[in-house]
1. In nm, to one decimal, how far is the modelled label at residue 218 from the one at residue 132, with both set 7 Å along Cα→Cβ?
2. If I take every Cα pair under 8 Å that is 6 or more residues apart in the stretch 62-161, average their sequence separation and divide by the length, what percent do I get for the relative contact order?
3. Mind jotting down the distance between the C-alpha centroids of the stretch 41-55 and the stretch 269-291, whole Å?
4. Please list 3J(HN,Hα) in residue order for the stretch 39-45, calculated via the Karplus relation 6.51 cos²θ - 1.76 cosθ + 1.60 where θ = phi - 60°; whole Hz, with x for glycine and proline.
5. Given the rule -39500 (n - 2.57) for each run of at least 4 DSSP H residues, summed and divided by the residues of the chain, what is its mean residue ellipticity at 222 nm, to the nearest 500 deg cm²/dmol?
6. Return the FRET efficiency for the residue pair residue 238, residue 60: r is the Cβ-Cβ distance, R0 is 56 Å, and the value is rounded to the nearest 0.05.
7. Projected onto the charge dipole of the stretch 204-296 (+1 at Lys/Arg Cβ, -1 at Asp/Glu Cβ, origin at the Cα centre), which of 284, 219, 206 gives the Cα projection farthest towards the positive end?
8. Suppose the chain between residue 272 and residue 105 were pulled fully straight at 0.36 nm per residue; how much longer would it get relative to their current alpha carbon spacing?
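The values are calculated or read from the model by the stated rules, or taken from the named source; none is laboratory data. Owing to the predicted nature of the structure, the values given are computational and were not obtained by experimental measurement. As a convention, Cβ positions derive from the backbone with ideal geometry for all residues, glycine included, and neighbour counts pool all protein chains shown. Keep in mind that these areas ignore ligands, DNA and RNA; they rest on the heavy atoms of the full protein, side chains included. Shrake-Rupley method; radii C 1.70, N 1.55, O 1.52, S 1.80 Å.
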Amino acid sequence: MTYAIQADGLVKHYGQTKALDGVDLEVSPGSLVGVLGPNGAGKTTAVRILATLLRPDGGRARVHGFDVVRQAHQVRSLIALTGQYAAVDEALTGVENLMMIGRLLDMPRAGARRRAAELLDRFDLTDAGGRAAKTYSGGMRRRLDLAASIVGRPRVLFLDEPTTGLDPRSRTELWGVVRGLQSDGTTVLLTTQYLEEADQLADEIVVFDQGKVIARGTSGELKAAAGGQVLDVRPVEAAHLGRVERVVGEVLGVAPDTVGGQVTAAVHDPSMVPVIVRRLDDLGVVASELSLRKASLDEVFLALTGHRAEDVAPERDAGAGARPEVPA
């Protein structure tokens, strides 16, 4: 089988820092794989190598069988990359932005105009197509940026944290667009810091931490690693916090976290929650908040790595403002 994306032992150094430390990755054609991790985990560095913008210091990567270093030109003919921030020309209209990309891809003017109209309609931007991009909302700019990425109908699309800075509504709208791209047969590699985003979109999730792949699997499998569900209990009286902490720990058999007047613990067996409620009632503890929810990204990371996501240093913006590294 020829994978759409395949990486074996990718290594990248910045001085003494290993941005990537032996990353292996396999993505089947037509699938959507989410690369999950905090800032500094190595996600962006991996994408830049796969998109031929950086050379790896070790290992090998291929896109549809083409080596990203030795056959960079062939790889670029198959891929598109949408970065963390919209890269559209704000002085141009939506139509002009898309036509410009089409012309750069050697489309005839009429063909570029037809493709621009088709994409504006698909991304719900037809009414705004004649307006300058600087008048667009953040969500509209991201949709235009994504439309620009697929003017040339790429077989593989890299989305590097595409919903950064978007409000919840715009993020949900963009998720719908991404689902549509996958349904067309496009292979998508999506990097994100949001477990919910990967949960909504990805067929499989690969978790990065400190330059390594530390886990992979479906969303359900990863959540199971963090206990599957999480119990939050906040007593009405702050003086009862110790009682809550003791009861939750005894019933669940774990050491709960207590932050900001709230006790939190991973729950492997939801049937234990009524037991906790009864024990607290017997002790006269009244809860102002008691909820059972899905694990968050931070809790998944805590379970997998022993540290929270925000404890990782920001990733160096590899290659920002620099020319792509291409073979001589």
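1. Here the modelled spin labels are 5.0 nm apart.
2. Across the stretch 62-161, relative contact order equals 41 percent.
3. About 47 Å separates the Cα centre of the stretch 269-291 from the one of the stretch 41-55.
4. So the J values, rounded to whole Hz, are 4, x, 6, x, 4, 5, 4.
5. -10000 deg cm²/dmol
6. Once the sixth-power term is evaluated, E becomes 0.50.
7. The Cα lying farthest towards the positive end belongs to 206.
8. Values: separation 167, 0.36 × 167 = 60.12 nm, distance 5.98 nm.
Length difference between fully extended and current span is 54.1 nm.
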